[in-house]
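A.B. asks: Below you will find the structure I want to go over with you.
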Amino acid sequence: MFDRDEDVLDRVIDQLRQPVEMDPTLDTAVMTRVAAGGERLGRLAAVWDWAWRPREISVSPLAGLGLAAAVVGIVVWLAGRNPQVASPAAGPNTVQFVVVAPGAASVSLVGDFNDWDGGATPMQAAKSGALWSVTVPLTPGRYRYAFLVNGSRWLADPAAPRVQDDYDAPSSVVTVGG
Amino acid sequence: MHCSRWLAMLPLAGALLILRPSTAAAQDPRLERRLDPATLESVTATIDSARLQGLPVEALVQRALEGAAKHAAPAQIAAAVRRLAMELATARQALGSVSSPMELEAAAGALRAGVRPADLTRLRHRRTQSLTVALATLADLVASGVPPDSAAAAVIALAASAGDDQMADFRRAVERDIALGAPPAVAAAVRVDAALRQTPGASSRRP
Amino acid sequence: MTSDAEIVRRVREGDTAAFAVLVARYRDRLGRYAVHMLGDRSDAEEALQDAFVRAYRSLARCREDGQFGPWLFGILVNRCRTAGRRAARRHRMFVRDEVSLERASAPETSDRAEWDDTVRWAMERLAPPLREAFLLKHVEDMEYEEMSRLTGTGVSALKMRVMRAREQLRALLTEVERV
């Protein structure tokens, strides 16, 4: 699928730079909200001017400042955990596994939770065929697993920790909290 | 066979006699379906021995099934199951005989990752509650690249004061820092200090 | 074309409707950043809407001519951080429903659609600070000094984040190539 000589990052950047068309009804949604607070903008500008260029105007500063709702957010950056190991969106201890395997005819999830049965947990391909996923309920514990592509090729999860393997085929591990 | 080997087998033979025949001979149907007879016999012997010692056997069954799924050679499957059985036994020796099956399985994972048995013992002495999450945290940290000694030191430092949720938070924070470029050992050390400062009543003295 | 500064002046003088010109002008370009940063089109639309409304309400603070675009962008970057934090708490999963996948993919060859999915998956795997730095540098073509002003993070930290993002993307996508 890929030209081996081409830097894969160039392809990523090229893809990300493609124009994205947002829904033009967003404009209407914005302007509706803007119009709802439209009158305030005139007063906001006036308050700002008053603050910076004092003039002899009798205006209640409290009323003006009350309208100047400058929200100062202290942004706490919380990088998300690997989103695989999940829970509450779909139910308690439900974990979704995702892998990209373009061109695969079949992908299944195989691990300690399904007795390493290659046919027990087939994954579903998204429409494009590149992205495969499945959601499984897991009781708390630590599970070794891997993806089986086309019934014969083992793929570790590139987004999960690897474990030392006994069998010359890669495995990953997922810890489900209790 | 030499005399000494017969003598060594006596305790096992005695144990087998005490058990009901069906227990000793019972084979897991999952293994029966998936392993060839020779591998089945070898793996079953290891599993039975482990069961006699009071070790959890489900992990051994899964390790054998993994080998079957990956079409590993019979000798490889047998060796892998024996190795895991030894790790479970070592884990029980390090953690004590009252350890739960989940604790032993998590500890075996930590041992496989390179954590020393002595560190498991230290962890047991430092933490009164279940060790399962702490041990899983330890193994996951090593899997993320934290050197085993650093991971063990970090988890032991938190063992007395951090609950299971805080252990999980700590692991996530370290993994996030590693993803952002921090050297793994440094990430673990920094997060331990931060966690100890936040936990009321925690000692800031690290072992 | 009427300049941003001229439109800002009109809006501040009370011509609210003129703000719609700025919205239309910046919608798609900022939307592109939000979609890639949040990985979800509806979250991106919400963050974008939020950013525009906040920009309108604090327009009095945008005082320098010609700086509306970068200033608006800074608001969006912060909106995306907040949205990302909310999403992480919800433990959202990556896979979108079929409808949003269709909308999000470029309507071209199936190869393009596959690669689109692949790139989005890989970007989702990056920790948000790495993803943010990578997008600002390589997609928005910002200089590090500008990124530093926008994010409040030092230049050397940003350079390290971009480097780590590149390493991780390479590692993720090389694995995929071997399938």
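A.B. asks: How many partner chain Cβ atoms sit within 10 Å of a residue's Cβ in peptide C:33-39, on average, as a whole number?
C.D. replies: Working: counts 2, 2, 3, 4, 0, 0, 1.
The shielding value for this peptide is 2.
A.B. asks: Next question, about the same structure. Roughly how big is segment B:23-125's charge dipole about its Cα centre, with Cβ charges of +1 (Lys, Arg) and -1 (Asp, Glu), in debye to the nearest 20?
C.D. replies: 280
A.B. asks: What average number of partner chain Cβ atoms lie no more than 10 Å from the Cβ of the residues making up B:153-164? Please list the in-between numbers first.
C.D. replies: Values: counts 0, 0, 0, 0, 0, 0, 0, 0, 0, 0, 0, 3.
Partner Cβ neighbours, averaged per residue: 0.
A.B. asks: Further question on the same structure: What's the exposure ranking of C:TYR56, C:TYR26, going from fewest to most Cβ atoms within 10 Å? Mind showing how you got there, number by number?
C.D. replies: Details: C:TYR56 24, C:TYR26 20.
Ascending number of Cβ neighbours within 10 Å: C:TYR26, C:TYR56.
A.B. asks: Now a separate question. Residue by residue through B:60-67, how many Cβ atoms from other chains fall within 10 Å of the Cβ on average?
C.D. replies: That average works out to 5.
A.B. asks: A follow-up question, please. Below 13 angstrom from the Cβ of C:ARG161, what's the summed charge of the other residues (Lys, Arg +1; Asp, Glu -1)?
C.D. replies: Numbers: positive: B:ARG176, C:ARG131, C:LYS137, C:LYS159, C:ARG164, C:ARG166; negative: B:ASP177, C:GLU132, C:GLU167.
Spelling it out: positives minus negatives among the neighbours equals +3.
A.B. asks: Which one, C:THR16, C:ALA51, C:GLY39, projects farthest toward the positive side of the charge dipole computed for segment C:1-93 from Cβ point charges (K/R +1, D/E -1)?
C.D. replies: Sorting the options by dipole projection puts first C:GLY39.
A.B. asks: Now for a different question. Quick one: putting +1 on the C-beta of Lys and Arg, -1 on the C-beta of Asp and Glu, what dipole do you get for segment A:94-176 around its Cα centre, in Debye to the nearest 20?
C.D. replies: Here the size comes out at about 300 debye.
A.B. asks: Also, I was wondering about something else. Under 13 Å from the Cβ of C:ARG25, count the other residues' Cβ atoms, weight Lys and Arg +1, Asp and Glu -1, and hand me the total.
C.D. replies: Values: positive: C:ARG27, C:ARG29; negative: A:ASP27, C:ASP4, C:GLU6, C:ASP28.
Result for the local shell: -2.
A.B. asks: What order do you get for C:125-138, B:73-86 when each peptide is scored by the mean count of other beta carbon atoms within 10 Å, highest first? Write out the running numbers ahead of the final one.
C.D. replies: On the way: C:125-138: 23.6, B:73-86: 19.1.
Descending mean neighbour count gives C:125-138, B:73-86.
A.B. asks: Still on this structure, please answer the following. Quick one: grab the alpha carbon gyration tensor of segment B:29-98, order the square roots of its eigenvalues as a ≥ b ≥ c, and give me rounded if a/c is under 1.5, else prolate or oblate depending on whether a/b is larger than b/c.
C.D. replies: Prolate is the answer for segment B:29-98, as a/c is 1.5 or above and a/b outweighs b/c.
A.B. asks: Show me the ranking of peptides B:106-114, C:27-35, A:156-164 by mean Cβ neighbours inside 10 Å, starting with the highest.
C.D. replies: Values: B:106-114: 24.7, C:27-35: 21.6, A:156-164: 19.3.
In descending order of packing, they fall as B:106-114, C:27-35, A:156-164.
Throughout, read-outs are computed from the coordinates displayed, never taken from laboratory work. Every value quoted in this text rests on a predicted model; they were computed, and no experiment measured them. All Cβ positions, even for glycine, are placed from backbone atoms using ideal geometry, and neighbour counts span all protein chains on display.
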